[in-house]
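Below is one structure, written out as structure tokens; the observations come after it.
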Amino acid sequence: MASNVKKISPKKSKFHDMLQAQVANEFAASQQYIALAVWFDNQDLPRLASHFYKQSLEERNHAMMIVQYLMDNDLPVTIPGVGSVRNEFKEPKELVELALAQEKEVTDQIVALAKAAREEGDYLGEQFLQWFLKEQVEEVSSMSTLLTVMERADGNMFYVENFLVRESVGDDGADAGAPRAAGGAL
């Protein structure tokens, strides 16, 4: 028996358009982290490579969390392509500086999203973004710490590698409060 009830989709908004754009931003960050990881891997710096491979998966998962949110709210989802990433570097410190700048940029994007949700009275969207805001504080802090350690190591990457093994920077494990990722988090 067919139902005559039509499913009503939420009204599309600036906030929803910004969320869709953030999917692209998160995938772009993921790709950039892969480029950093490969560079470190190619330089025989396995802990730094591992750290950035994990960062790449984390950014991918963030994109898929937003995709799941859009699907859960009957909003259109388009999986975007990403632009080119930077692959050429002269010294390891440049990679961490880039990562820190990228995390600060993503923080600004998430704050703009939260502001747009609030301005539009989208309380569910604003609540969804609370986890991302908290996550960005942690991401900027851990990249800042890694950059400080790299500066103090003064070119001795052995110190940085040991620091990553000893401290597990940015690896607090799975967050039970994290939004669900479409297809499951990797």
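The values are calculated or read from the model by the stated rules, or taken from the named source; none is laboratory data. Because the structure is predicted, anything quoted here is derived from the model rather than measured. Don't worry about glycine lacking a Cβ; one is built from the backbone with ideal geometry, like all the others, and counts go over all protein chains shown.
Numbers below:
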| quantity | calculated |
| --- | --- |
| Residue within the stretch 42-53 that is within 15 Å of Arg86 (Cα to Cα), modelled with pLDDT of 95 or more, crowded, with 18+ Cβ neighbours inside 10 Å and not hydrophobic (A, V, I, L, M, F, W, C) present | no |
| Residue in the stretch 107-158 that is nearest to Val96 (Cα to Cα), counting only those that are of a type in the set (Phe, Trp, Tyr) and exposed (fewer than 14 other Cβ atoms within 10 Å of the Cβ) | Phe158 |
| Residue match in the stretch 112-124 (condition: outside any helix (DSSP H, G or I) and closer than 21 Å to His62 by Cβ) | yes |
| Subset of the stretch 51-80 (residues that are in contact (Cβ under 8 Å) with a residue 12 or more places away in the chain and over 16 Å from the mean Cα position of the chain (by Cα)) | Leu70, Met71, Asn73, Asp74, Leu75, Pro76, Val77, Thr78 |
| Residue match in the stretch 147-161 (condition: among the aromatic types (Phe, Trp, Tyr), within 25 Å of Gln43 (Cβ to Cβ) and part of a helix (DSSP H, G or I)) | yes |
| Qualifying residue in the stretch 96-118 (condition: in contact with a Lys or Arg (Cβ under 9 Å, 6 or more places away or on another chain) and either of a type in the set (D, E, K, R) or modelled with pLDDT under 95 (or both)) | no |
| Selection count, the stretch 26-50, where residues are in a helix (DSSP H, G or I), in contact with an Asp or Glu (Cβ under 8 Å, 6 or more places away or on another chain) and in contact (Cβ under 8 Å) with a residue 60 or more places away in the chain | 6 |
| Long-range neighbours under 7 Å by Cβ, at least six apart or interchain, first residue within 13 Å of Met65 (Cα to Cα) within the stretch 120-135, second modelled with pLDDT of 95 or more and among the aliphatic types (A, V, I, L, M) | Gly125/Ala117; Leu129/Ile110; Leu129/Leu113; Leu129/Ala114; Leu129/Ala117; Phe132/Ile110 |
